[in-house]
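Student: One structure is given below, represented as structure tokens, and several questions about it will come after.
The values are calculated or read from the model by the stated rules, or taken from the named source; none is laboratory data. Because the structure is predicted, anything quoted here is derived from the model rather than measured. Virtual Cβ from ideal backbone geometry, glycine too; neighbours counted across all protein chains shown.
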Amino acid sequence: MNKLSNKIAIVTGGNSGIGYAAAKDFKENGAKVIITGRNEQATFKAAQELGVTGIVSDQSDLKSIDSLVDEVKSKFGKIDIVFLNAGLAAFAPLDQASEEHYDAIMNVNVKGVYFTLQKLLPILNDGASVVLNTSINASVGMPNSSVYAASKAALLSLNRVFATELAPRKIRINAISPGPVETPLYGKLGLNQEEVDGFGKILGEKILLKRFGQAEEIAKSVTFLASSDASFITGTELIVDGGLTVNSVV
């Protein structure tokens, strides 16, 4: 299958998890792929494994975004697909959250996404597709997730506004909101494996399909939105959560 043949795609935060899986699926569908990441070693290791181009870039730093755009322009010219996947997940209750906690999340998840897309616009082809990686956390009210949830809710609002503003250029903007996915993320939350497994078991019982998603499953949904199969879809949120948010009573 070559849904993305002759397309050039950027995946931010493509060195692990959903970003890695999306980059792999993009490439398998015929795209030339660029992945970004803050960690130089992890980014270049992933790029070598995937057979794609790796560029070190910090989404929270506007100068770093400028450098990314300059490098992409010089090596590839125009681009056709952007998966704005890079994000920071950290959790704290309202009475303990610090300014540093708030700023770190918002700088990456909102400001970084906003200005990455803004700065890519001059090299984004008319008719291109942009996918924002949001989360069901934007709407489920999970305890201790206030700043993270707010950052993802902001992206859902931006999704609709961007879709309206960029429609004259036939650029489609859509958001994908994953539910719980088996990625390295949970190991980064300060939980040991036993706690992660326990959390997964409890949460898994609330998911209608009774399991966490796989990064590869989310990736296929991203590829759909990025491809011409979704040519009449823009400004939409695609929820990929195994039915977790269908009925909270179950």
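Student: Pick out the one residue from VAL147, VAL161 that is of a type in the set (Val, Ile, Thr), modelled with pLDDT of 95 or more and surrounded by fewer than 20 Cβ atoms within 10 Å (Cβ to Cβ). Can you show your working first?
Tutor: Numbers: VAL147 fails: surrounded by fewer than 20 Cβ atoms within 10 Å (Cβ to Cβ).
It is VAL161.
Student: For a quick check of your reading of the model, give me the residue pairs whose first member lies in region 97-110 and is more than 14 Å from LEU158 (Cβ to Cβ), whose second is buried (at least 19 other Cβ atoms within 10 Å of the Cβ) and among the hydroxyl-bearing types (Ser, Thr, Tyr), with beta-carbon atoms closer than 6 Å and at least 6 apart or on different chains.
Tutor: ILE105/TYR148; ILE105/SER151; ASN107/SER60; VAL108/SER60
Student: Filter region 148-162 for residues that are of a type in the set (S, T, N, Q) and out of contact with any strand residue (DSSP E or B) (no Cβ under 9 Å at 6 or more places or on another chain) and give the result. Walk me through how you get there before you give the answer.
Tutor: The first filter runs over region 148-162 and keeps only residues of a type in the set (S, T, N, Q), leaving 151, 157, 159.
Answer for region 148-162, where residues must be of a type in the set (S, T, N, Q) and out of contact with any strand residue (DSSP E or B) (no Cβ under 9 Å at 6 or more places or on another chain): SER151, SER157.
Student: Now for a separate question. Restricting attention to region 225-239, which residues are touching a helix residue (DSSP H, G or I) at 6+ places or on another chain (Cβ under 8 Å) and surrounded by 20 or more Cβ atoms within 10 Å (Cβ to Cβ)?
Tutor: ALA226, THR234
Matching residues to (1) of a type in the set (S, T, N, Q); (2) in a helix (DSSP H, G or I):
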position	(1), (2)
VAL82	no, no
PHE91	no, no
GLY112	no, yes
LYS119	no, yes
ASP126	no, no
SER129	yes, no
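Student: Which residue, of ALA31, ALA47, is farther than 23 Å from PHE162 by Cβ and among the hydrophobic types (A, V, I, L, M, F, W, C)? Talk me through it step by step, then tell me what you get.
Tutor: On the way: ALA31 fails: farther than 23 Å from PHE162 by Cβ.
Testing whether each residue is farther than 23 Å from PHE162 by Cβ and among the hydrophobic types (A, V, I, L, M, F, W, C) leaves just ALA47.
Student: If you check LYS27, LYS3, which single one turns out to be touching a Gly at 6+ places or on another chain (Cβ under 9 Å), basic (Lys, Arg), touching a residue at least 12 places away in the same chain (Cβ under 8 Å) and in a loop (DSSP other than H, G, I, E, B)?
Tutor: Just a single option satisfies the conditions, and that option is LYS3.
Student: Can you say whether THR36 is within 24 Å of ASP126 (Cα to Cα) and modelled with pLDDT of 95 or more, as far as the supplied structure shows?
Tutor: Criteria met by THR36.
Student: Another one. May I ask you to say which residue of ALA153, ALA86 is free of Cβ contacts under 8 Å to residues at least 40 places away in the same chain and not aromatic (Phe, Trp, Tyr)?
Tutor: Unique residue meeting the criteria: ALA153.
Student: If a residue must be aromatic (Phe, Trp, Tyr) and touching a helix residue (DSSP H, G or I) at 6+ places or on another chain (Cβ under 8 Å), how many such residues does region 26-74 contain?
Tutor: Count: 1.
Student: Pick out the one residue from LYS45, LYS24 that is more than 20 Å from SER129 (Cα to Cα) and at pLDDT 95 or above.
Tutor: LYS45
Student: Among the residues of region 87-122, write down those that are closer than 13 Å to ILE34 by Cβ and in contact with a Ser or Thr (Cβ under 8 Å, 6 or more places away or on another chain).
Tutor: Selection gives THR116 alone.
Student: Another question, if that's okay. Given (1) touching a Ser or Thr at 6+ places or on another chain (Cβ under 8 Å); (2) among the hydroxyl-bearing types (Ser, Thr, Tyr); (3) buried (at least 20 other Cβ atoms within 10 Å of the Cβ), where does SER64 come up short, assuming only one miss?
Tutor: Condition not satisfied by SER64: (3).
Student: Something else about it: If only one of VAL196, VAL250 is surrounded by 14 or more Cβ atoms within 10 Å (Cβ to Cβ) and modelled with pLDDT under 90, which one is it?
Tutor: VAL196
Student: Regarding GLY190, is this residue in a helix (DSSP H, G or I), surrounded by fewer than 17 Cβ atoms within 10 Å (Cβ to Cβ), at pLDDT below 85 and of a type outside the set (Val, Ile, Thr)?
Tutor: no
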